[in-house]
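What follows is a short report on a single structure.
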Amino acid sequence: MQSSSAQILDGKALAARVRQELRDQIDAGLAAGRARPGLATVIVGEDPASQVYVRNKRRACEEVGMANFHTELPAEAGQAALLDEVARLNADGAVHGILVQLPLPRGFDYDENAVLEAIDPAKDADGFHPLNQGALMQARRAPVPCTPKGCMRLLAETGVETSGKKAVVVGRSNIVGKPVALLLLQQNCTVTICHSRTADLEAEVRAADIVVAAVGVAELVRGSWIKPGAVVLDVGINRNEAGKLVGDVEFAAAAERAGWITPVPGGVGPMTIAMLLANTLEAAWPDA
Ligand code: NDP
């Protein structure tokens, strides 16, 4: 068995590099007379976690030289008012990306699917519109969900050859598990998607050259399951019993076997915001 050998995939550092690249690209484009890219952020209600996420996204936007247009609606605003706001942003030429922070407040008439469908697919910075998710299934060019896109960028950073490798994705959500599985398939991996009804998760993970854990259960994936040398991308953000932030993978034990592993925090999380900016820039300047 390998001793403590994994290289840490530092998402914080990589995200900072990506943001710098975006900044340089934006500076050059503006100097060449292009219109400033703009991201609209919409938050409904007062959920503290959502407030923090949106604040970070807005700050990142400004840091790279993008415009940010921000809308706050009270929880009781309702579906019709939210759809009106989305329609207004769809029609605004200065807005190239639109993000409606989820989840929407409970106990009102909100319909998240209807809101996501109302966003102009060309301005879908999160890549959640069904048309864009369909495009991803067909490997067509379209906005890709930010967390899966960040995972693929981290994977590319390892320099590991993906073709023919066995990838196991734990989790099948529309925003992480399924899209990351499709992206791994595009990279010629042989992909297995696991979920809560998977019969033998341990056996699946043990066989994997690449593991993506997107579950939301603290340290579900045990370190002893990791194939020596595997790449481990941990999307999960959980609090353990001691109140510490941990991923879906038992990090210390997994790091003794993995070739590469993302920490939590500081792994996939920072890449998500960097990819949101990348999606907005691609929407603003598709030919750049
Ligand atoms: P969801 O709750 O939508 O999906 C979780 C998935 O995990 C489901 O497919 C579920 O299976 C599966 N699952 C649950 N329990 C088990 C189990 N015991 N064994 C195997 N599979 C199981 O979560 P998300 O995809 O939205 O998010 C996953 C995690 O990633 C969360 O911790 C979230 O906080 C984090 N996250 C982090 C982001 C970042 O930027 N770093 C961005 C987005 C999410 P089933 O379908 O059968 O119910």
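Per DSSP H run of n ≥ 4, the term is -39500 (n - 2.57); total these for the chain, divide by its residue number, and report the mean residue ellipticity at 222 nm rounded to 500 deg cm²/dmol.
On the way: 10 runs with 116 residues, N = 288.
Helix-only estimate at 222 nm: -12500 deg cm²/dmol.
What is the dipole size for the stretch 1-137, taken about its Cα centre, with +1 at each Lys and Arg Cβ and -1 at each Asp and Glu Cβ, in debye to the nearest 20?
Values: 13 positive and 20 negative charges, 134 e Å.
I would put it at about 640 debye.
Given labels modelled 7 Å from the Cα in the Cβ direction, how far is it in nm from Arg222 to Thr158?
Computed distance between label sites Arg222 and Thr158 equals 2.2 nm.
Are there trypsin sites (Lys or Arg not before Pro) in the stretch 11-62 that DSSP marks as loop and that have at most 15 other Cβ atoms within 10 Å, and which are they?
Numbers: sites: Lys12, Arg17, Arg19, Arg23, Arg34, Arg55, Lys57, Arg58, Arg59; in loops: Arg34.
Sparse-neighbourhood loop trypsin sites (Lys or Arg not before Pro): Arg34.
Where a ≥ b ≥ c are the square roots of the eigenvalues of the C-alpha gyration tensor, would you call the stretch 102-207 rounded, which needs a/c under 1.5, or, failing that, prolate if a/b is larger than b/c, or oblate? Can you show the working numbers first?
Numbers: a/c = 2.52, a/b = 1.49, b/c = 1.69.
Verdict is oblate for the stretch 102-207.
Using a 1.4 Å probe, what is the accessible area per residue for the stretch 33-121, in Å²? Mind showing how you got there, number by number?
Numbers: 4240 Å² over 89 residues.
Value returned for the stretch 33-121: 48 Å² of accessible area per residue.
Rounded to whole Hz and in sequence order, give me ³J(HN,Hα) for the stretch 203-216 from the Karplus expression 6.51 cos²θ - 1.76 cosθ + 1.60, θ = phi - 60°, writing x for Gly and Pro.
Coupling constants for the stretch 203-216: 4, 5, 5, 4, 8, 8, 7, 10, 10, 10, 9, 9, 10, x Hz.
Take every DSSP beta bridge whose two residues both sit in the chain, then give the antiparallel share in percent to the nearest 5. If you can, show how the numbers build up before the last one.
On the way: 2 of 32 bridges.
Around 5 percent antiparallel, to the nearest 5.
Return the carbon/sulfur percentage of the accessible area of the stretch 145-269, one whole number, probe 1.4 Å, all protein chains in place. Don't skip to the end; give the middle numbers.
Values: 2660 of 5230 Å².
Using a 1.4 Å probe with all protein chains present, the stretch 145-269 comes out at 51 percent carbon and sulfur.
Given 0.36 nm per residue, what is the gain on full extension from Gln20 to Ala94 after removing their alpha carbon distance, in nm?
24.4 nm
How far, in nm, would the chain grow between Asp111 and Asn174 when pulled straight, counting 0.36 nm per residue and subtracting the alpha carbon separation?
Details: separation 63, 0.36 × 63 = 22.68 nm, distance 1.59 nm.
Result: 21.1 nm gained on full extension.
Based on the mean of other beta carbon atoms within 10 Å per residue, what is the order of 240-248, 175-183, most packed first?
Answer by packing, highest mean first, reads 175-183, 240-248.
Once amide H atoms are built 1.01 Å from N in the peptide plane, which residues 5 or more positions from Val170, or in another chain, come under 5 Å H to H?
Amide H neighbours of Val170, under 5 Å, 5+ apart: Cys194, Val212, Ala213, Ala214.
Once you have a ≥ b ≥ c as the square roots of the Cα gyration tensor eigenvalues for the stretch 33-121, tell me rounded if a/c is under 1.5, and otherwise prolate or oblate according to whether a/b is larger than b/c.
Working: a/c = 2.56, a/b = 1.41, b/c = 1.81.
Oblate is the answer for the stretch 33-121, as a/c is 1.5 or above yet b/c matches or exceeds a/b.
To one decimal place, what orientation-averaged projected area in nm² is obtained for the convex hull of the Cα set of the stretch 145-269?
Numbers: hull surface 27.1 nm².
Mean orientational projected area (the stretch 145-269, Cα hull): 6.8 nm².
Ranked from the most accessible area to the least, with a 1.4 Å probe and all protein chains present, what is the order of His70, His129?
On the way: His70 55, His129 15 Å².
Order by accessible area, largest first: His70, His129.
If you take the alpha carbon radius of gyration of the chain and divide it by 2.2 N^0.38 Å, what ratio comes out, to two decimals? Could the numbers behind the result be given before it?
Working: Rg = 19.2 Å, N = 288, 2.2 N^0.38 = 18.9 Å.
Against the compact-globule rule of thumb, the ratio is 1.02.
Could you check the simple spin-label distance between Ala80 and Ala28, using points 7 Å along Cα→Cβ, in nm with one decimal?
For the pair Ala80/Ala28, the computed spacing is 4.9 nm.
Would you mind computing, in nm to one decimal, how far apart the modelled labels at Ala242 and Arg36 are, each placed 7 Å from Cα along Cα→Cβ?
Distance between the two pseudo-spin positions: 4.6 nm.
The values are calculated or read from the model by the stated rules, or taken from the named source; none is laboratory data. Worth saying up front: this structure is predicted, and the values here are computed from it rather than measured. Cβ: placed from backbone, ideal geometry, glycine included. Neighbour counts: every protein chain shown. Remember, those area values only see protein heavy atoms, side chains included, never the ligands or the DNA or RNA. Shrake-Rupley method; radii C 1.70, N 1.55, O 1.52, S 1.80 Å.
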